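J.: If you scroll down you'll find the structure; I have some questions about it.
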Amino acid sequence: MPPHPPSISQLKPRDGLSSSDLRSIAQHARGLGSADFAELEATIRLDVQSEFDARFLAEYLDHQDWDLSPELRGALDQWLQEEELHQSLFRQVYGAAFPDKCAKLSAELLQRDQDVAFEPLQHLMRDEFEVLCLLAYDELATVKAYQALLPQYLMLGPSMGPLLKRVIRDEGRHYATFARILREQHADRLSETPALIEKIRASEGMPYANTFVLDHDYGVWTDSIFDRSVEQLKRALGQSSGATA
């Protein structure tokens, strides 16, 4: 069996993508038709923006009137570090593929804090237990979305494959970590998770407000991704028939 690819935090953590990777991405971008070019630009811009927004969620959670457990705080520290790295690497991809649009994207990122609104999600984030369910669901759905988008990313060349597979691996590990903390630290409330997960699922479709979670209001997100994420998370928490995920 081939070895697992390393976490993205071990992938050139100082230098980012190599110059040859960036040249390949730029060359493939120049060869795209106008429709594919526009679709990829929108996709990667949204990736950058969503990964950037992780800082807003971290700040929000740090200012709640209930304390984060040491287990969740440690997991969030690692999560934020890796989401920041994802954002940095996607920005490098964006800069190589769409250099004429970089200045506008950078300016927009500096203004994103003005449009953050967690109020519509407060009914899903009333304590650590609920936050863990939301994070586990969201990270699992993100894994499935990145997997669905992989053929589109590969239009920018083969160097995108290892990058996306490592991003997917990181997001999958985030999901598994949040689910593990639920099982270990909140075992007495696991019977509540089916209803809560369905409540999260029912909240899909609300306008995204720079909250990192539930950033699911553009094309790749489908009912199939949401429904499969619901069922897999329930299985992982021992609340559905079938083997543990």
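The values are calculated or read from the model by the stated rules, or taken from the named source; none is laboratory data. What you are looking at is a predicted structure, and each value in this text was computed from that prediction instead of being measured. Glycine also receives a Cβ, built like all others from the backbone with ideal geometry; neighbour counts cover every protein chain displayed. Side chains are part of the model used for accessible areas, which takes the heavy atoms of the whole protein and leaves out ligands, DNA and RNA. Shrake-Rupley method; radii C 1.70, N 1.55, O 1.52, S 1.80 Å.
J.: Quick check on the range 64-77: of everything there that is part of a helix (DSSP H, G or I) and closer than 21 Å to ARG126 by Cβ, which residue is least open to solvent (accessible area, probe 1.4 Å)?
T.: LEU72
J.: Does ALA176 satisfy the criteria of being at pLDDT 95 or above, open to solvent by 40 Å² or more (accessible area, probe 1.4 Å) and within 16 Å of the chain's Cα centre (by Cα)?
T.: yes
J.: Residues of the range 191-207 being open to solvent by 50 Å² or more (accessible area, probe 1.4 Å) and at pLDDT 95 or above, which ones? Talk me through it step by step, then tell me what you get.
T.: Within the range 191-207, the first condition is being open to solvent by 50 Å² or more (accessible area, probe 1.4 Å), and the residues that meet it are 191-192, 195, 198-199, 202, 205, 207.
Selection gives SER191, GLU192, ALA195, GLU198, LYS199, ALA202.
J.: Have a look at GLU39, GLU139 and point out the one that is under 14 Å from the mean Cα position of the chain (by Cα) and assigned to a helix (DSSP H, G or I).
T.: GLU139
J.: Among the candidates LEU109, LEU121, LEU105, which residue alone is part of a helix (DSSP H, G or I), touching a Lys or Arg at 6+ places or on another chain (Cβ under 7 Å) and surrounded by fewer than 21 Cβ atoms within 10 Å (Cβ to Cβ)?
T.: After ruling out the rest, the residue left standing is LEU105.
J.: Where the second residue is open to solvent by 70 Å² or more (accessible area, probe 1.4 Å) and part of a helix (DSSP H, G or I) and the first is among the aromatic types (Phe, Trp, Tyr) and lies in the range 69-85, which pairs have Cβ atoms under 6 Å and are six or more apart or on separate chains?
T.: Short answer, once both residue conditions are applied: none.
J.: Please go through (1) hydrophobic (A, V, I, L, M, F, W, C); (2) within 15 Å of the chain's Cα centre (by Cα); (3) within 30 Å of SER19 (Cβ to Cβ); (4) part of a helix (DSSP H, G or I) for VAL220 and return the number of the only condition it doesn't satisfy.
T.: (4)
J.: Are there any pairs with C-beta distances below 7 angstrom linking a residue in the range 47-63 that is open to solvent by 20 Å² or more (accessible area, probe 1.4 Å) to a residue that is at pLDDT 95 or above and among the hydroxyl-bearing types (Ser, Thr, Tyr), with the two at least 6 apart or on different chains, and if so which?
T.: Final answer for the pair search is PHE56/THR211.
J.: Could you list all residues from the range 187-209 that are hydrophobic (A, V, I, L, M, F, W, C) and within 16 Å of ALA136 (Cα to Cα)?
T.: Across the range 187-209, the qualifying residues are ALA187, LEU190, ALA195, LEU196, ILE197, ILE200, ALA202.
J.: Please enumerate the residues belonging to the range 163-173 that are open to solvent by 60 Å² or more (accessible area, probe 1.4 Å) and either in contact with a helix residue (DSSP H, G or I) (Cβ under 6 Å, 6 or more places away or on another chain) or modelled with pLDDT of 95 or more (or both).
T.: If the condition is that a residue be open to solvent by 60 Å² or more (accessible area, probe 1.4 Å) and either in contact with a helix residue (DSSP H, G or I) (Cβ under 6 Å, 6 or more places away or on another chain) or modelled with pLDDT of 95 or more (or both), then ARG169, ARG173 are the ones that fit.
J.: Looking only at the range 147-162, count how many residues are surrounded by 19 or more Cβ atoms within 10 Å (Cβ to Cβ) and not in a loop (DSSP other than H, G, I, E, B).
T.: 3
J.: Sort out which residues of the range 112-157 are of a type in the set (Gly, Ala, Ser) and under 28 Å from LEU17 (Cα atoms), and write them in order of number.
T.: Result: ALA141, ALA145, ALA148, GLY157.
J.: Consider the range 223-245. How many of its residues are in a loop (DSSP other than H, G, I, E, B), under 16 Å from GLY172 (Cα atoms) and open to solvent by 70 Å² or more (accessible area, probe 1.4 Å)?
T.: Residues of the range 223-245 that are in a loop (DSSP other than H, G, I, E, B), as a first pass: 237-245.
Filter again for under 16 Å from GLY172 (Cα atoms), leaving 237, 244-245.
Subsequent filtering for residues that are open to solvent by 70 Å² or more (accessible area, probe 1.4 Å) retains 244.
Matching residues across the range 223-245 total 1.
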